[in-house]
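The values are calculated or read from the model by the stated rules, or taken from the named source; none is laboratory data. On a predicted model such as this, the values are computed, not experimentally measured, just so you know. Neighbour counts run over all protein chains shown; Cβ positions are idealised from the backbone, glycine included.
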Amino acid sequence: MATLRYIACISENPETLTEFYRRFLGTDEIGRSPEGDISITDGFYNLTLFKKRRPLVKCGWSRDSTISAWRWTIWKRLKGGISQSILAA
């Protein structure tokens, strides 16, 4: 039978959550990373609290990225870098 013994979540302040779990659930700290991530355990379950970081890349589409994509496509088409059959599809 499968069991879940590890959980990870993202927190803006893992230090505060670690103190809460230690105080009210009796957890022990397993380790810390230089970036501020903290792993704790109650002896059976392990929980890692990852410190929230800025994303490495911008996700999703915005008006500016859509306009940039169109400009790139038009420029490549004018330069002959994109096959006309790809653009027709």
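Summary table below
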{"item": "Filter result (closer than 16 Å to residue 50 by Cβ and not in a loop (DSSP other than H, G, I, E, B)) within segment 26-36", "result": "29, 30, 31, 32"}
{"item": "Residue count for segment 37-69, restricted to those that are on the phi > 0 side of the Ramachandran plot and either at pLDDT 90 or above or outside any loop (DSSP other than H, G, I, E, B) (or both)", "result": "1"}
{"item": "Per-region count, segment 1-25, residues farther than 13 Å from residue 47 by Cα and part of a loop (DSSP other than H, G, I, E, B)", "result": "5"}
